[in-house]
1. Write down the Å³ per residue value for the convex hull defined by the alpha carbon atoms of segment B:205-318.
2. Along the Cα→Cβ direction, 7 angstrom out, place labels at D:K191 and D:Q246. What is the inter-label distance in nm?
3. Compute the distance from the alpha-carbon center of segment C:75-99 to that of segment C:28-42, in whole Å.
4. Restricting to DSSP H runs of at least four residues, report the calculated mean residue ellipticity at 222 nm for chain B, -39500 (n - 2.57) per run over all residues, nearest 500 deg cm²/dmol.
5. Please sort by residue number the chymotrypsin sites (Phe, Trp or Tyr not before Pro) in segment D:148-221 whose DSSP state is loop and whose Cβ has at most 14 other Cβ atoms within 10 Å.
6. Under the 0.36 nm per residue contour assumption, what length would be gained going from the current alpha-carbon distance of B:T254 and B:N45 to full extension?
7. For segment D:227-327, which GluC sites (Glu not before Pro) pass both filters: DSSP loop (anything but H, G, I, E, B) and at most 12 other C-beta atoms within 10 Å?
8. For segment C:34-132, take the alpha-carbon Rg, divide it by the Kirkwood Rh, and send me Rg/Rh.
There are 4 protein chains.
Amino acid sequence: MANNKNIRAGIIGGAGYGGGEMIRILLNHPNVEIAFVHSRSNAGNPLHAVHSDLLGDTDLAFTDQLSHDIEVLFLCLGHGEAKKFLEANPIPLNIKVIDLSQDFRLGESLPGREFVYGLPELQREKIQTAQNIANPGCFATTIQLGLLPLAKAGLLGEIHTTGITGSTGAGQSLQSTTHFTWRANNVSTYKVLAHQHLKEIRRSLQLLQPSFTEHVNFVPVRGDYPRGIWVTSYQESDLSLEQALQLYKTYYATHPFTHVSENQIDLKQVVNTNKCLVQLEKVGTKLIVHTIADNLLKGASGQAVQNMNLVFGLEETAGLKLKSIVF
Amino acid sequence: MANNKNIRAGIIGGAGYGGGEMIRILLNHPNVEIAFVHSRSNAGNPLHAVHSDLLGDTDLAFTDQLSHDIEVLFLCLGHGEAKKFLEANPIPLNIKVIDLSQDFRLGESLPGREFVYGLPELQREKIQTAQNIANPGCFATTIQLGLLPLAKAGLLGEIHTTGITGSTGAGQSLQSTTHFTWRANNVSTYKVLAHQHLKEIRRSLQLLQPSFTEHVNFVPVRGDYPRGIWVTSYQESDLSLEQALQLYKTYYATHPFTHVSENQIDLKQVVNTNKCLVQLEKVGTKLIVHTIADNLLKGASGQAVQNMNLVFGLEETAGLKLKSIVF
Amino acid sequence: MANNKNIRAGIIGGAGYGGGEMIRILLNHPNVEIAFVHSRSNAGNPLHAVHSDLLGDTDLAFTDQLSHDIEVLFLCLGHGEAKKFLEANPIPLNIKVIDLSQDFRLGESLPGREFVYGLPELQREKIQTAQNIANPGCFATTIQLGLLPLAKAGLLGEIHTTGITGSTGAGQSLQSTTHFTWRANNVSTYKVLAHQHLKEIRRSLQLLQPSFTEHVNFVPVRGDYPRGIWVTSYQESDLSLEQALQLYKTYYATHPFTHVSENQIDLKQVVNTNKCLVQLEKVGTKLIVHTIADNLLKGASGQAVQNMNLVFGLEETAGLKLKSIVF
Amino acid sequence: MANNKNIRAGIIGGAGYGGGEMIRILLNHPNVEIAFVHSRSNAGNPLHAVHSDLLGDTDLAFTDQLSHDIEVLFLCLGHGEAKKFLEANPIPLNIKVIDLSQDFRLGESLPGREFVYGLPELQREKIQTAQNIANPGCFATTIQLGLLPLAKAGLLGEIHTTGITGSTGAGQSLQSTTHFTWRANNVSTYKVLAHQHLKEIRRSLQLLQPSFTEHVNFVPVRGDYPRGIWVTSYQESDLSLEQALQLYKTYYATHPFTHVSENQIDLKQVVNTNKCLVQLEKVGTKLIVHTIADNLLKGASGQAVQNMNLVFGLEETAGLKLKSIVF
């Protein structure tokens, strides 16, 4: 068990959304000290020059220098950039790396550096002994958390999934689809049945149910709000609602962030928290599973800290009892 | 062809959302004069006391009196109320009735009063000779317009549908799910795979493809905006994208409000108009159909006026060239 | 009085927000034919490639050619660009020019081309005989409509004004303040007490009350919605509420788009219309005036068409009876 | 200094917005144990039956029983209800009461129970020795924090204030002005120049500047978002911007939640935190002060906990280092 503030953490790519959330969590984490926040373009500026909500919370500044006097390094870089960074900047192997990109989620590795897929509800024990973590994506997390108990029981069939994401999922770059005038009061879809994270999802599901070869038909929707992911999946199932509830409750009984709700859920129950709520319905022969999570927390930086907690033998919830926005 | 302003229209239930939209359209309709707007609770008050946006547009007031000196009567009442109203208030049979509720959509009738299901893209000719119209529901319209060409070709299979609706779909009564604080930035579902309008949809589809017995699996979602419906449906299909486009374009070639887009669509293209846009995609063996419409216009009052135009032999688009909100 | 469709109009800068609204209005205007829509960067593309809501409404395409076979030319260009355009592209003086930029609002002119400030509620008669119109800005219109009757009566004092604008006021360029993730649920101010259109406002007010030298203290606020402007102004006043109501009602009695409401107003009463609503309150010794307008219509393109109607002797409301979005 | 969890707290009115926030904060407060959450209508139900975001965080249930085995009692009742409650339910005088209503803000008291106005930035020392706290209102807090340094320096003049509030300020009851369909994308004002909390504001300002008799002209605006208050105030001032900055920075130097920003601020910097940010501008002879706060936290329950911390000699920030929503 770690003592107070004895884990020194570095953050690479600290100026983006994921990096900002990492800073916000770690500033209040009882066991962690932020050693540095790296950003080439913002070096020398205070963190609150970019993350203006941090004014009054910290006087730390961005740096373009890397220090190896750390226990853990968080990579909050774009897809493709994490691998490049590690190749260009050799990091001592005793420093644990937690990568938020998709670069190592499908089993990719670097010399001396194997990555464990960091979904605690899938493989907590493996994470606890990992040296490096490939942190799952936001849609991948939220979809998987709705399907893992079925996969564990070998009961997955062809899946039909709708997922709705807030605009933060698209990052901070200015795009036509994140222009306020366009997105407000609007709905659209993208990469229908062809989302890039389906591979990551399939890989996890097959870990638990190796025979699973069916489609995960996924309709991703752009939502008219900044934060949070709603997922509804359904499939044919012989389970009664009671059996399904029992299956899910048993599966998640020891997981502190994922809870089965017996009432209808709505997205804002989990926004600005690291939680995932799961709700089940049975209609005719179809089993319906709803899951909700905050894409930037349980779907990114919160889960990265949860993984760090596990890797360092801390309380799984340390620093992650976050106040919900609720409204 | 009707002359100017020679159709006198009465509106029952003019204080609700549907009634308000009816008034807004008919005030500017070149061939219609509003004879009266009936509302028991608002009798004597100017229309703009309830529909405050009408200030400066009309000095008409609500009445609790019914006049039979009209050619057409629009019923903008709650489900169940339309039938009760007609039973309690005998309307001469030469007055055409256009009912926006679900009371007559499944073939129900009253003595001397048969109702034709008013989806022009399904059966325009039948509407043109109808005495009474059962106007389709908003989800039903938007879902059907994505499936009619497939049904006509006998190619419908098991359908998987996501539909997202604005808050106006829930009407003007105050409910926990229409409280601003709750609904803003929120997502939730309701009646998943069990929506009450699935019967209406199935009935139309079977008109075109009598052999159709598959499920329409429909996930209705509450959206975080007031107006508009987004629908994505997909199914297994042997059609290539080109074949499907051809099928849809041919089907809708003569329909002035429904258009096939070859670009990605987004909901605000149709908000505050009577239009429906359709977009197709093919991924693997699945054909994907997106459709969008304004739930209060093409999904309610706009379509009711479109039906009136057809019934009275007017231009189908008369009074319905509405400026899009766009933003 | 003009006959049907005998006014041919050209639009310069048709790819922006203002140009798009111009197209939407003119497509349904009973007396106007769109001769061309000019856009250098979009030449050859259909209008609906940029203004996607126009799909199904028109097959017109953008052009980079100018034709002089028109009666009126609308300039929908950025500030500074209108003057440059007219200097670089000599337009025959018999073609009337209606400019939506701020380039000619303070009395600027070009050889042979004088501009009349196009606020019909200020100087309708002057507009009716104008050759060229400098169309007012959105904040300027909405603020002035709250103050003109006081100015006419010589009763203006030091004014305190709050104005809240939708995001469309910032145009379609991608900026940090129009990023959806930033602007959603957010509030901020800009150019407080220093907005560039105060000069334009002061100039109009002094036309009516030459002695007026007091401050117009204006706090502009970025609102969390796309369309519409809310303005609240107050000043010391000896008028009773009844006297003020009388003053305002008399002033606006003959103006078809500006109406005095005796009930509390809210912005959505006018969104997507060319109307302006005015509401008065008296608290202690202060007279409070609320005004609301759609920044893209009464605050830009709608008013430009209203001016065109006046210039060509059409009904002032021709083509401008637009359906409110309401919700 | 208190030890861990040795302060037992009761909450009255735990089913409302303020009560919910109180629970959320106290559940994670290092020094507090929630002894009971009182709600007559919800007795027996788990807290998460009402505050559904608490699912997984606590198994506590509402009770209709009062226990006196507590150190502090939070009253989260409607205006007028707090006084009635204390009169009907005698609470031992050694239990400290922190009241969130307006019942005791103007110096009202009960036998044996004097209330100190709980704005730490106004009178922290007095709070530290208080037995009972009258917690300030949300607009009152945010407006005062923009004016206190001027009042302390005796420099207040006539104030012109715009305040914009989120919908949570209106509480959880269903009203026409909190209907989603109405409020989304809308703007309106209420109680202009006549808000009920002006008395409370004036009283505080006169504590610091007894000579202050000028108006605080306050325009309250309903904002189109759930959480947060924006306030802009301005007045005539001889201070330069530098002098004003110095004045404000000195005043707030020792206050951990209120910070002076030298950059432009926006509301989301403080949403879901207990912070208040202040920004100054000087234009001509006017000094402009912007302040922002979360109406449910620094404007209600967060400040109540801040007051509790001071009353019990805890760290002022204990339990209040809340993660910002940011987006």
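The values are calculated or read from the model by the stated rules, or taken from the named source; none is laboratory data. Quick caveat, the model's predicted, so the values are computed rather than measured. Every residue, glycine among them, receives a Cβ derived from its backbone with ideal geometry; neighbour counts consider all protein chains shown. Ligands, DNA and RNA are stripped out before the accessible areas are found, and what is left, the full protein with its side chains, is counted by its heavy atoms. Shrake-Rupley method; radii C 1.70, N 1.55, O 1.52, S 1.80 Å.
1. Numbers: hull volume 15.0 nm³, N = 114.
Measuring per residue, one finds 132 Å³ for the Cα hull of segment B:205-318.
2. Simple spin-label model gives 3.8 nm for this pair.
3. Value for the Cα centre distance between the two parts: 15 Å.
4. Values: 9 runs with 85 residues, N = 327.
Computed mean residue ellipticity for chain B: -7500 deg cm²/dmol.
5. Working: sites: D:F180, D:W182, D:Y190, D:F212, D:F218; in loops: D:Y190, D:F212.
Loop-located and lightly packed - D:Y190.
6. On the way: separation 209, 0.36 × 209 = 75.24 nm, distance 4.24 nm.
Stretched out fully, the B:T254 to B:N45 stretch lengthens by 71.0 nm.
7. Details: sites: D:E236, D:E242, D:E262, D:E281, D:E315, D:E316; in loops: D:E262, D:E315, D:E316.
When the GluC sites (Glu not before Pro) of segment D:227-327 are filtered for loop state and at most 12 Cβ neighbours within 10 Å, D:E262 remain.
8. On the way: Rg = 15.0 Å, Rh = 15.0 Å.
Rg/Rh for segment C:34-132 comes to 1.00.
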